[in-house]
1. Which of the residues belonging to region 79-101 are within 28 Å of GLY132 (Cβ to Cβ) and either touching a Ser or Thr at 6+ places or on another chain (Cβ under 7 Å) or among the small types (Gly, Ala, Ser) (or both)?
2. Within region 123-168, how many residues turn out to be in a loop (DSSP other than H, G, I, E, B), among the charged types (D, E, K, R) and out of contact with any Asp or Glu (no Cβ under 9 Å at 6 or more places or on another chain)?
3. Name the single residue that is farthest from ALA34 (Cα to Cα) among those in region 78-116 being touching a residue at least 40 places away in the same chain (Cβ under 8 Å), among the β-branched types (Val, Ile, Thr) and not in a strand (DSSP E or B).
4. Between GLU27, GLU80, which is charged (D, E, K, R), in contact with a Gly (Cβ under 9 Å, 6 or more places away or on another chain) and over 13 Å from LEU138 (Cβ atoms)?
5. Please determine whether any residue of region 86-105 is surrounded by fewer than 20 Cβ atoms within 10 Å (Cβ to Cβ), of a type in the set (D, E, K, R) and either touching a Gly at 6+ places or on another chain (Cβ under 7 Å) or within 22 Å of HIS168 (Cβ to Cβ) (or both).
6. Taking VAL52, is it within 17 Å of the chain's Cα centre (by Cα) and either assigned to a loop (DSSP other than H, G, I, E, B) or not polar (S, T, N, Q) (or both)?
7. Quick check, is PHE92 modelled with pLDDT of 95 or more, among the aromatic types (Phe, Trp, Tyr) and out of contact with any Asp or Glu (no Cβ under 6 Å at 6 or more places or on another chain)?
8. Could you please tell me which pairs satisfy a Cβ distance under 8 Å, a separation of 6+ or placement on different chains, a first residue in region 40-55 that is more than 17 Å from SER130 (Cβ to Cβ) and without any contact (Cβ under 8 Å) to a residue 40 or more places away in the chain, and a second residue that is surrounded by 15 or more Cβ atoms within 10 Å (Cβ to Cβ) and charged (D, E, K, R)?
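The values are calculated or read from the model by the stated rules, or taken from the named source; none is laboratory data. Because the structure is a prediction, the values reported are computed rather than measured. Counting neighbours? That spans all protein chains shown, and the Cβs are built from the backbone with ideal geometry, glycine included.
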Amino acid sequence: MRNFPVAARWAPVYQAITACSAGSACERKSAAFADMISAAQGKGFSEKLSFVNSSVNRLIAYRKDSVVYGKLDYWAKPSEILERRAGDCEDFAILKMTALLRAGIPTQSMALVVLQDRKRGFFHAVLSVSTGSGTFILDSLSNTVVRDSDLPDYVPLYSFSTDRAWIHGSRPGGAQMADIKGGFATVAPGEGFQP
């Protein structure tokens with residue numbers, strides 16, 4: 001990941017996700033978050049994804065990083081998100097990953113995906129959960145969990161999981177699927193810029 005500059009944002013966030021354990025300072029920021037995790041632990045896989053997706057969507061308010069942190073793009077740690085009870089799209093995905101990890105979903109199955117939403121005309125971030133029967137998307141814009149194949153306007157740019165990163169956005173042979181003027185460093189998910 002050292003060759004991928006955007007990955008510098010991910011490393012401390014992932015470390016904080018794994019450190020947000022039962023009884024930790026992170027969990028103590030929100031009793032509602034702790035209760036949500038307890039409730040999710042007893043659910044089946046699909047129900048767990050749906051429950052965490054809709055619960056996090058209700059738990060925190062959508063606010064741009066420029067409003068919450070005074071920066072164009074800031075990847076918050078779970079404790080920061082819970083303390084402020086607000087965040088943008090990648091913050092929702094980070095909190096969902098934290099909750100699902102605590103509820104028993106392996107981190108290797110989850111990835112934070114930064115994408116271009118061609119329909120709405122902005123960069124966005126979601127949580128993907130991969131299984132043998134497909135990849136499911138947990139989105140701050142919807143309380144319904146759907147398969148990635150049901151979102152043709154979502155064009156993945158890059159993604160992170162554990163200590164791994166992937167660059168998407170091109171087809172074999174070099175044809176670009178995504179349109180990024182200025183490179184990955186200019187992508188600010190949730191800030192509403194036109195790609």
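1. CYS89, PHE92, ALA93, ALA99, LEU101
2. 2
3. THR107
4. Values: GLU27 fails: in contact with a Gly (Cβ under 9 Å, 6 or more places away or on another chain).
Within the list GLU27, GLU80, the selection yields GLU80.
5. So far as region 86-105 goes, no, none of its residues is surrounded by fewer than 20 Cβ atoms within 10 Å (Cβ to Cβ), of a type in the set (D, E, K, R) and either touching a Gly at 6+ places or on another chain (Cβ under 7 Å) or within 22 Å of HIS168 (Cβ to Cβ) (or both).
6. Working: within 17 Å of the chain's Cα centre (by Cα): yes; either assigned to a loop (DSSP other than H, G, I, E, B) or not polar (S, T, N, Q) (or both): yes.
So VAL52 fits the description; yes.
7. Numbers: modelled with pLDDT of 95 or more: yes; among the aromatic types (Phe, Trp, Tyr): yes; out of contact with any Asp or Glu (no Cβ under 6 Å at 6 or more places or on another chain): yes.
Taking the combined requirement at face value, the residue satisfies it.
8. As it stands, the answer is PHE51/LYS43, since those pairs meet every condition given.
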